[in-house]
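The values are calculated or read from the model by the stated rules, or taken from the named source; none is laboratory data. Keep in mind that this is a model prediction, so the values were computed, not measured. All Cβ positions, glycine included, derive from the backbone under ideal geometry; neighbour counts span all protein chains shown. Just so you know, the surface numbers come from the protein's heavy atoms only, side chains and all, with ligands and any DNA or RNA stripped out. Shrake-Rupley method; radii C 1.70, N 1.55, O 1.52, S 1.80 Å.
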Amino acid sequence: MEMEDNGISRSKVYGCYNTSVSNGNDIWQSDSVLTFYLPTFAAQLAFMLFTNRCLYYLFRPFNQPRIVVEILVGFMLSPEVFGKTEFFKLLAPIKLVVTNETIAYIGLVYYVFLAGLDMNLETITNARKKATTIAIAATVVPMVMGGAMYTILQSMYIGPPEYLLHYNTQKAYMFWTLIYSVTGFPIVTQILADLKLLYTGLGKVALTVAMIIDFYNWVLFALLLPFALNEKVAIYSVISTGSFVILCFMVIQPHLVQYVVQKTNQNEWDNCQLFYVVMGAYFFAFVTDFLGTHPAVGALVYGMMLPRGKFTNLLIEKTEDFASVYLAPLFFASCGVRLRIFSVIETQGFAVVVIVLVLSCIPKVLSTVIATQLFGMPVHDGVAIGLLMNSKGVLPLIMLIIAWDKEILSVESYSIIIMSVLLMTLLVPVIINAIYKPRKLYKQNKLRTIQNLKVEAEVKILACVHNPRQATGMINILEASNAIKQSPLRIFALHLVEITGNTASLLAAHINTQSGVQALTESEQDLENITLTFKDYAEQNENIKVDTFAAVSTYSTIHEDILNVAREKQATLILLPFHKQSNIEGILETMNEVFKDINQNVMRDAPCSVAIFVDRGLGSLFKVNLRLLMLFFGGPDDREALALAWRMSKHEGIQLSVVRVIMLGEAAQVDSSPQAESKELFSAVMDSEKQREFDDEYVSSFRLKAVNNKDSITYSEKEVHSSEDIPLVLEELDKLGYDLYILGQGTGRNSLVLSDLLKWTDCPELGVIGDMVAANNFGSCSSLLVVQQYGFGGMLFENTTQNPCQLPIYDCESGDVYVKVDI
């Protein structure tokens with residue numbers, strides 16, 4: 001039997017098909033699983049995965065979440081697109097619907113279980129007032145406005161009054177308002193990670209707000225769903241489910257955590273035991289379903305109970321692909337199959353659909369803008385957070401499927417909400433990228449360099465590390481940077497982590513692990529050790545402030561995270577670790593070749609000065625005095641290196657020797673080739689003579705103000721006549737046993753000799769001199785700091801091209817520099 005509404009089939013639709021019984025008995029009355037169900041399901045799954053992957057790569061440049069693609073794949077299978085063709089009738093026969101739905105719910109339960117692993121009650125309960133206020137506003141206001149929108153939609157409905165009356169119920173209003181209040185925390189995390197905003201101020205607030213809203217929505221869903229399913233026993237379902245949840249967290253969780261952590265620390269998990277852990281999600285799902293709520297609630301609770309860390313990583317690594325990549329898309333596709341876009345537009349009119357879709361996007365944005373204004377945040381931040389909160393996840397789709405199956409919402413309402421979910425989630429990355437990361441032309445009288453920094457200014461340094469050992473070396477450099485009351489240091493310690501599985505969500509949520517209870521992953525243990533290392537360092541000097549956090553991304557794009565953090569924090573210097581580290585014999589060994597690419601990418605596009613630290617065991621100023629050697633060949637990078645060395649020399653535990661290398665004869669030849677002009681930013685606006693004047697002026701100022709006033713600083717000059725003389729000078733100086741070399745990277749020197757030598761370097765990011773000193777065959781035991789100045793450095797490496805909009809334009813009359821950068 002069918003109900004018709006202006007051409008849209010609704011209510012109970014019966015599908016008839018022939019079946020043959022194979023090995024029939026009292027229990028099994030169906031076709032053979034091996035000859036029909038399994039091959040047909042496998043073919044359908046293969047087609048969906050192939051289409052899913054194709055659409056994913058098509059939408060990937062626009063930073064679209066997978067959920068958008070997975071719903072669209074389902075829509076392609078709907079009767080409105082290809083569902084009525086003979087091919088799709090063979091691929092997706094009617095009698096396979098129940099099988100697909102069953103397997104889809106298996107994937108859904110595990111998908112929600114993973115979402116529970118991402119949530120952290122400690123983060124939610126300890127959230128600051130700002131995040132909590134924004135979350136409450138972004139939940140309540142959309143619910144109120146959602147109810148008003150449903151009333152408007154009902155008044156604009158075109159069709160029989162009895163059909164309208166059937167869906168004008170309290171249950172329909174409840175589902176509609178709940179759906180509009182939802183925010184998908186995993187989707188927000190994915191969007192922010194793709195846009196490289198995860199570690200900005202906006203990203204941190206948005207992540208916390210999204211997690212709180214998602215948690216609130218699940219609680220509301222668990223409390224209100226029983227009233228929609230069975231009003232007579234709803235109150236008993238709510239009480240029993242609440243009691244079960246309390247039992248889980250108060251009684252079961254402590255013993256479960258202790259058991260899991262113990263086995264994890266002893267590395268006793270095997271595949272069979274992990275299978276039992278996974279089955280726990282389905283057991284909890286069964287319990288909450290039996291109690292009258294939804295299976296997804298039990299899976300979520302179970303996920304929130306398990307300890308984070310090493311065990312979670314192990315579990316996700318073993319099982320995530322199977323459930324999230326192969327099974328969960330079936331559920332999202334089933335939502336798309338039910339979508340009737342063209343029929344709704346035909347019967348209700350295009351204008352009505354557009355009005356509702358536009359109104360759907362407003363509540364979240366309006367509520368967050370108002371809430372953020374209470375805390376003095378910029379309007380565009382409020383708009384960006386509101387747009388991110390419009391991102392929907394799995395919860396609204398669960399509610400829509402329930403509303404469809406229970407005939408709570410009409411086809412029109414269902415289709416319009418699905419279109420709203422698609423539209424909002426699809427537009428969020430595009431709009432955020434446009435309004436929050438615009439290209440602007442900034443006029444800067446002072447470049448972000450050490451040289452141009454005022455004496456009393458705060459020095460902001462972004463220190464990037466891959467492991468705790470590098471953190472210790474970085475701190476020794478920071479100690480030498482002489483933090484004083486008049487010019488304090490602000491350190492942003494950034495732990496660089498390669499993304500693996502679900503690590504992004506866990507670290508992005510700033511999980512506060514329970515000390516002494518949970519077994520941490522290697523990256524989380526490293527982050528904890530790095531945080532403690534920098535915290536101890538900051539406590540020893542009141543003129544130092546440290547913020548420590550992690551950047552989780554693919555190594556191919558993690559440099560974008562570094563650059564975005566540097567821009568937002570307005571860093572003066574980015575401190576990077578060299579891709580090699582010293583072994584017990586003092587020989588530099590490669591840790592990971594990709595670290596070299598990261599450093600080069602940062603140096604190419606950095607919004608401030610950059611320094612690469614080659615650590616050969618630099619001592620701490622808390623224990624020993626340090627002897628520093630600054631080699632000055634000339635050029636903007638060397639002037640920046642001298643400025644940094646000058647600042648370090650003011651520390652009472654440092655002795656600084658500055659050696660200026662004078663290039664004469666053959667060594668003084670200027671590199672005027674077209675290739676050099678294409679490589680060197682500064683050569684576009686200044687010739688070598690002008691650079692030499694700047695060198696002389698700055699060195700003279702240094703000698704007058706520093707050398708003549710402090711006994712711990714010495715200055716000397718060495719002459720170089722040919723390329724053969726450079727290694728001899730370096731070997732002579734190295735015999736004096738300095739602890740640290742400070743060098744300029746060398747871009748902008750316009751020296752033919754150095755340009756020729758650069759072609760033979762193994763590590764061009766260190767420059768010619770740095771590469772020589774860092775080479776194992778040079779035999780030096782000294783650490784090395786190679787500096788590149790912002791605006792005038794910016795070396796181009798092999799297979800890279802310089803963006804012309806990043807070239808500085810120097811106005812000799814005004815002394816202003818205009819630099820076009822991405823903000």
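A straight chain from residue 652 to residue 231 at 0.36 nm per residue would run longer than the Cα-Cα distance by 143.8 nm. Residues 162, 593 ordered from highest to lowest accessible area at a 1.4 Å probe: 162, 593. At q = 0.16, 0.26 Å⁻¹ the log10 of I(q)/I(0) for region 294-360 amounts to -0.77, -1.16, computed by Debye summation with a single uniform scatterer per C-alpha, solvent ignored.
Could you work out the equivalent-ellipsoid semi-axes for region 38-118, taking the square root of 5 times each eigenvalue of the Cα gyration tensor, largest first, in whole Å? Working shown, then result.
Values: eigenvalues 105, 71, 21 Å².
Result for region 38-118: semi-axes of 23, 19, 10 Å.
Quick one: with all protein chains in place, what share of the accessible area of region 560-652 is carbon or sulfur, to the nearest percent (1.4 Å probe)? Summing carbon and sulfur atoms, their accessible area is 42 percent of the total for region 560-652.
The translational diffusion coefficient of region 326-431, from Stokes-Einstein at 20 °C and 1.002 mPa s with a Kirkwood hydrodynamic radius over alpha carbon pairs, comes to 142 µm²/s.
Are any of the pairs 535/710; 263/318; 171/232 more than 21 Å apart by Cα-Cα distance, and if so, which? The pairs that break the limit, which is 21 Å between Cα atoms, are 535/710. Averaging over all projection directions, the Cα-based convex hull of region 575-639 occupies 6.2 nm² in the image plane. Packing-based ranking of 751-757, 327-333 yields 327-333, 751-757, ordered from highest to lowest mean Cβ neighbour count within 10 Å. Please report the spacing between the Cα centers of region 386-419 and region 36-59 in Å, no decimals. Computed from Cα coordinates, the inter-centre distance equals 24 Å. Compared with the rule-of-thumb size 2.2 N^0.38 Å for a compact globular protein, region 526-574 has a Cα radius of gyration ratio of 1.32. For the residue pairs 364/392; 364/569; 596/759; 545/650, alpha carbon separations beyond 23 Å are given by 364/569. Per-residue accessible area (protein heavy atoms, 1.4 Å probe) orders 236, 56 as 236, 56, starting from the largest.
Only protein heavy atoms count here; under a 1.4 Å probe, residue 317 has an accessible surface of about 150 Å².
The simple Förster model, with R0 at 30 Å and r as the Cβ-Cβ distance, assigns residue 258 and residue 133 a FRET efficiency of 0.25. Note on residue 498: accessible area approximately 90 square angstrom, rounded to 10, probe 1.4 Å, nucleic acids and ligands left out.
Approximating the spin labels as points 7 Å out from Cα along Cα→Cβ, the residue 102-to-residue 140 distance works out to 4.6 nm. At the residue level, residue 239 shows approximately 100 square angstrom of accessible surface with a 1.4 angstrom probe and all protein chains present. Protein heavy-atom surface of region 342-414, 1.4 angstrom probe: 73% of the accessible area is carbon and sulfur, with nucleic acids and ligands not counted.
Which FRET efficiency value, to the nearest 0.05, do you get for residue 346 and residue 525 by plugging their Cβ-Cβ distance into 1/(1 + (r/R0)^6) with R0 = 60 Å?
Working: r = 59 Å, r/R0 = 0.98.
Plugging the Cβ-Cβ distance into 1/(1 + (r/R0)^6) gives 0.55.
When every Cα-Cα distance of region 152-264 is counted in 5 angstrom steps from zero, the calculated P(r) takes the values 2, 9, 12, 11, 12, 14, 15, 11, 7, 3, 2, 1, 0 percent.
If you sort 660, 703 by accessible surface, 1.4 Å probe, largest first, the order is 703, 660. Taking a ≥ b ≥ c as the square roots of the Cα gyration tensor eigenvalues, region 232-296 comes out oblate, since a/c reaches at least 1.5 and a/b does not exceed b/c.
Over region 519-670, the Kirkwood radius and the radius of gyration, each from Cα atoms, give a ratio Rg/Rh of 0.99.
Per residue, region 49-188 exposes 44 Å² of solvent-accessible protein surface, assessed with a 1.4 angstrom probe and all protein chains in place.
Placing pseudo-labels 7 Å out from each Cα toward the beta carbon at residue 122 and residue 278 gives an inter-label distance of 2.8 nm. Given a Förster distance of 35 angstrom, what is the FRET efficiency for residue 542 paired with residue 584, based on the Cβ-Cβ distance and rounded to 0.05? Computed FRET efficiency for residue 542 and residue 584: 0.45.
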